[in-house]
Amino acid sequence: MIKVEGLTKSFGPQKVLRELSLDVATGTITIVIGRSGGGKSVFLKHLIGLFRPDAGRIMVDGVDISRLRGRDLDEIRRTYGVVFQGGALFDSMSCFDNVAFPLREKVRTPPDELAKRVEAALAQVGLEGVGAKYPAEISGGMRKRVAIARALVTEPQIVFFDEPTTGLDPVLVNTIHHLILDLHRRFRFTAVVVSHEIPEIFEIADTVAMLHEGRIVEVGPPAAIQGSTNPVVQKFIKGEPDTGS
Amino acid sequence: MLERPLAPALRPFDAVGGWTIAVVDSLGRFGTFFAEALAALVTPPFKIRAFVDRIHFIGYNSLLIIFLTGAFTGMVLGLQIYLTLVRFGSEAFLGPAVALSLIRELGPVLAALMVTGRAGSALTAELGIMRITEQIDALTVMALSPMRYLAAPSILAGLVTFPLMTALFDVVGIFGGYLVGVKLLGLSEGTYFGEMQTFVGIDDIMVGFWKSLSFGVIVTWVCTYKGFNVGHGAEGVARATTQAVVLSSVLILVWDYFMGSVLQ
């Protein structure tokens, strides 16, 4: 279980996260929605230990990772899989080597088993036979799927997705969402997905949390969020433009 | 707590204080970066494949530019020194003059500047793009050290390739001087190389070696640090690349003077 309590972060005079609190239950898919520039990616980078909070705690299975450094933090990270917004594939490596990389370096898998696992991971995301290609030679949607294959190949307990469908067409958006759902059913990992794909993302969510101005302003099952009376949530879901100022 | 604005009379001190803090902070991070890279360099697991790749990137890919600049530097030296020495009737000393200039001074400095321009800039740009496309973050969240995979192999490769590039520059430069002095201006071959053997000693070669070794560390340290700490977007990468080349070049010249004073 992930438990975030009073997470606060500022960059210079700008307060990005303001005493943010959120619980993520084990084995569920939690979607964090909110406007661009609202602090979603900053929040996610705290969860994966790339940022350290000014105040607050991030408890992962009872351990406050915001106080960990070095090897202790790496121990927690070994249970993670992360899909970055742009995929973050190593562009000097082929797709096969990208997926194989965590197996070679993190888990030290024997070569014969490694090839089987990489091919299986690529097949799971519908990319059989693209292993020899380089990231620059494949489409954006394929890159996202290779990134998902890389994140899941070590069978992590917690997977973080940072806007996994940004820049994709509606068909690919649905394809990626159903891929996440399908893989989640198969591997039962805990997923935290940062997204603003409304309303498509509700289809795969167990819990939806709305982040606004550095705080979680509403959290609950998708139906409850869609029926929320909170004007901030309603305005975001309906995509209403700002009328003030 | 709210900070009250300073009185106008104190603002210049505020600016100097802010600048001093920023300089000390960046020097501290620069030093810490090197210490972390060194720690990754001397503790297992060693990334041999990444090291070989960096040798290829920094060294092998710079061979042509080193060959060309070495040859023409030697030819220019051969011509200019000959024209000077001939006024004193001392053209017999052309060989040692070219060799000493190259081995002690010009070889290490010019080879380092050339490798900085070609490989140092590319190193910063490559790491900068890896930073802004979150490839370095991806390594970190895989619980793998970017210092071990990216910075340490580059610094070690700098230590190995810079002396080799300098040696190549020296040899090609000496032959460039030979082409001009012997084949073009008619000095005897025996005089050119014979006097060189008399006047050039192992201590001269070691001066060039220590210089090139230290330039290898300086250039790869600066360029990897700048690549790891780029700003945002393409502009950030471009700025970091320019800063890396300028800072490396200035440090090469400053350190060369310091080394030249110590290793006389």
Does the range B:109-122 contain any residue that is within 14 Å of another protein chain (Cβ to nearest Cβ), part of a helix (DSSP H, G or I) and out of contact with any helix residue (DSSP H, G or I) (no Cβ under 7 Å at 6 or more places or on another chain)?
-> yes
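With respect to A:Glu113, determine if the residue is free of Cβ contacts under 8 Å to residues at least 12 places away in the same chain, within 14 Å of chain B (Cβ to nearest Cβ) and surrounded by fewer than 23 Cβ atoms within 10 Å (Cβ to Cβ).
Working: free of Cβ contacts under 8 Å to residues at least 12 places away in the same chain: yes; within 14 Å of chain B (Cβ to nearest Cβ): no; surrounded by fewer than 23 Cβ atoms within 10 Å (Cβ to Cβ): yes.
Considered against the rule, which asks whether it is free of Cβ contacts under 8 Å to residues at least 12 places away in the same chain, within 14 Å of chain B (Cβ to nearest Cβ) and surrounded by fewer than 23 Cβ atoms within 10 Å (Cβ to Cβ), A:Glu113 comes out as no.
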Among residues of the range A:53-62, those that are at negative phi and surrounded by 15 or more Cβ atoms within 10 Å (Cβ to Cβ), counted | 5
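Please work out if B:Asp14 is assigned to a helix (DSSP H, G or I), touching a residue at least 60 places away in the same chain (Cβ under 8 Å), charged (D, E, K, R) and over 27 Å from B:Phe258 (Cα atoms). Before the answer, list the steps.
Working: assigned to a helix (DSSP H, G or I): yes; touching a residue at least 60 places away in the same chain (Cβ under 8 Å): no; charged (D, E, K, R): yes; over 27 Å from B:Phe258 (Cα atoms): yes.
No, not satisfied.
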Residue list for the range B:46-66, restricted to those being surrounded by 15 or more Cβ atoms within 10 Å (Cβ to Cβ) and not polar (S, T, N, Q) = B:Phe46, B:Lys47, B:Ala50, B:Phe51, B:Asp53, B:Arg54, B:Ile55, B:Phe57, B:Ile58, B:Gly59, B:Ile65, B:Ile66
What single numbered condition from (1) at pLDDT 95 or above; (2) open to solvent by 20 Å² or more (accessible area, probe 1.4 Å); (3) closer than 30 Å to A:Ala88 by Cβ fails to hold for B:Phe228?
-> (2)
Tally, over the range A:77-92, of residues that are surrounded by fewer than 18 Cβ atoms within 10 Å (Cβ to Cβ) and more than 7 Å from chain B (Cβ to nearest Cβ) | 3
Could you tell me whether the range A:38-47 includes any residue that is closer than 22 Å to A:Thr154 by Cα, surrounded by fewer than 16 Cβ atoms within 10 Å (Cβ to Cβ) and aliphatic (A, V, I, L, M)?
-> no
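Among A:Arg108, A:Arg69, A:Arg18, which is more than 20 Å from A:Pro164 (Cβ to Cβ), within 12 Å of chain B (Cβ to nearest Cβ) and either open to solvent by 40 Å² or more (accessible area, probe 1.4 Å) or under 19 Å from the mean Cα position of the chain (by Cα) (or both)? Walk me through how you get there before you give the answer.
Details: A:Arg69 fails: within 12 Å of chain B (Cβ to nearest Cβ); A:Arg18 fails: within 12 Å of chain B (Cβ to nearest Cβ).
The conditions single out A:Arg108.
Being among the basic types (Lys, Arg), buried (at least 17 other Cβ atoms within 10 Å of the Cβ) and more than 14 Å from chain B (Cβ to nearest Cβ) is the filter here, so list the residues in the range A:116-159 that pass it.
Going residue by residue through the range A:116-159, those that are among the basic types (Lys, Arg) are A:116-117, A:133, A:143-145, A:150.
Narrowing the set further to residues that are buried (at least 17 other Cβ atoms within 10 Å of the Cβ) leaves A:117, A:143-145, A:150.
Selection gives A:Arg117, A:Arg145.
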Across the range B:108-144, the tally of residues that are at negative phi and free of Cβ contacts under 8 Å to residues at least 24 places away in the same chain stands at 9
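The values are calculated or read from the model by the stated rules, or taken from the named source; none is laboratory data. As the structure is a prediction and not an experimental result, all values here were calculated from the model. Glycine gets a Cβ as well: all are built from the backbone with ideal geometry, and neighbour counts include every protein chain shown. Note: accessible area is taken over every heavy atom of the protein model, side chains too, but ligands, DNA and RNA are not part of it. Shrake-Rupley method; radii C 1.70, N 1.55, O 1.52, S 1.80 Å.
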